[in-house]
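Please treat every number below as a calculation from the coordinates, not as lab data. The structure presented is a predicted model; accordingly, all values stated were derived computationally and were not measured. Every residue, glycine among them, receives a Cβ derived from its backbone with ideal geometry; neighbour counts consider all protein chains shown.
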Amino acid sequence: MSFIDKFFRKKPKDVTREDLDAFLTRKIEENLNLDYKAIQAYYDFDELSKDVSAFANSEGGLIILGLSQDEIKKGKVVVKILPKELTWGEEILSKERLEDNLVGKIQPRIDEIKIQPVREGNGSMRVIFLIDIPQSKNRPHIASDKRYYKRLNFRKIPMEHFEIVNLLKLRWVLNEKLIERIYEPLASILEKNAKEFSNYHSPNTHEIEEILSRTYYRWQMSDELNEALNCYIDQIKDLDKKEHFARREMKSICYKNVFEHLKLDSKLFTNETPMKFQLCFEKSTSDLHALLMYELLMKNKTIKDYTNNLFYSGKCEKVLINYNSEWYPIELDDFDDLIWKKCLKEVQENQIIGEFKESADGLWEEALSLIDDIIVLS
């Protein structure tokens, strides 16, 4: 949940001028996670960099840029700060300029910052900005004045040397654990996935989901990578369904063409028709199992292409087809020319199979892209 969600009880894009008015009446004190700034602070990027980095180095928080402060004092000491009034900025003030300047003045950069402009409405384009800063996964961050800050109650203060050292040590340890517990095993699984996609198989998602269930380490990952992996898992589950229907189509195409060639009674043909295929070599036979036939059809390869690479088996002479307890021998060249090439043509033209192949090829590219992203992060 973002801090905008927390304080406004709405999604950032849904916050309106009326919500700001209602928030003002609640008189919430500035605190560890909340800061008010008049819109004039928009132009002081150096000072804003201190505030933003302080929140990121602490528990995170929300800056309302366009809400002035009402300081409550005891003597000369400020004891609390309340919101005073909305101070609208001219419409020329842009989210992009604010974002670019903040990102450039804080190191390492904080990619998780969300800036939501809220327009005055009623024909006016004047603006107030909600700056949502989560606790950073890459702490500590240094502001433009080369100092580290943290949030303490309603103030930002420089961090002590030991605090900076502890956060740097923590960042190093977490990064090492992240590589060991998340990135390395993920990269290994994605490599296996890419190989399966290239063979037009839908891999299991359990291994990736098990790694991502290590929530303590996963929290250290970027939101972009988390989102990409979630999307990747969803696509694999969708591919699994497509593969099921593609396999049924292939089986139907293959068996139909065998039935036609052998002049068997087509009324007996169903997709569950029991049929067995064997390759007959000079001195041995080998099963031409369904998985191999599936891969050859998907890769547009003939049976002869396959057998020519089996150097240890000698020359393949025939294909044996067993149906209804009878064997039907067919010369390899005849099987390729009269049956298999028809199957290949129909597979290439089949819409269901084509959509599956396109999805598998796309996920092969996605797996390689995710591996590249992980290598960069590691």
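For the reader, a short list of remarks on this structure follows.
- Per-q log10 I(q)/I(0), the stretch 181-378, q = 0.17, 0.18 Å⁻¹ (Debye; single scatterer per alpha-carbon; no solvent): -1.05, -1.13
- GNM on the chain, alpha-carbon springs under 10 angstrom: the most fluctuating residue among D265, D240, D336 is D265.
- Kyte-Doolittle mean at least -1.0, axial Cα span of 30 Å or more - DSSP H helices of the chain: 223-262, 351-377
- Cα-projected label distance for H206 with K276, points at 7 Å along beta-carbon direction, nm: 3.0
- Checking [x] 1.53; [y] 1.04; [z] 0.94 against the coordinates, the calculated Cα Rg over 2.2 N^0.38 Å falls under label [x].
- Peptides 152-162, 129-139 ordered by packing proxy, namely the average of other Cβ atoms within 10 Å per residue, highest first: 129-139, 152-162.
- Using a simple spin-label model with pseudo-atoms 7 Å out from Cα toward Cβ, E160 and R181 lie 2.8 nm apart.
- Amide hydrogen proximity for K318: with H placed 1.01 Å from N in the peptide plane, the residues at 5 or more positions away or on another chain lying under 5 Å are C280, L332.
- Relative contact order of the stretch 118-250: 18 percent, from C-alpha pairs under 8 Å at least 6 residues apart in sequence.
- Prolate/oblate/rounded label for the stretch 3-159 (Cα gyration tensor, a/c 1.5): oblate
- Applying a DSSP loop filter and a limit of 15 other Cβ atoms within 10 Å to the trypsin sites (Lys or Arg not before Pro) in the stretch 160-254 leaves R214.
- Net charge of the neighbourhood of M293, taken over other residues with C-beta under 12 Å away and scored Lys/Arg +1, Asp/Glu -1, is +3.
- Inter-label distance for E326 and L292, nm, one decimal - labels placed 7 Å from Cα along Cα-to-Cβ: 2.5
- Local charge for N257 was computed over the other residues whose Cβ lies under 14 Å away, with Lys and Arg +1 and Asp and Glu -1, and equals -1.
- Annotation: amide H-H contacts under 5 Å for D70 (H modelled 1.01 Å from N, sequence separation of 5 or more, or interchain): L82, K84.
- Here r is the Cβ-Cβ distance between E365 and Q135 and R0 is 22 Å; the resulting FRET efficiency, rounded to 0.05, is 0.05.
- Violating pairs (Cα-Cα greater than 32 angstrom) within the set K10/K156; K237/K318; K105/K192: K237/K318; K105/K192
- Cα-Cα over 22 Å, subset of K95/K146; K114/K169; K304/K342; K251/K341; K137/K177: K95/K146; K114/K169
- The lysines whose alpha-carbon is closer than 16 Å to the alpha-carbon of K84, local same-chain residues fewer than 8 away aside, are K27, K37, K73.
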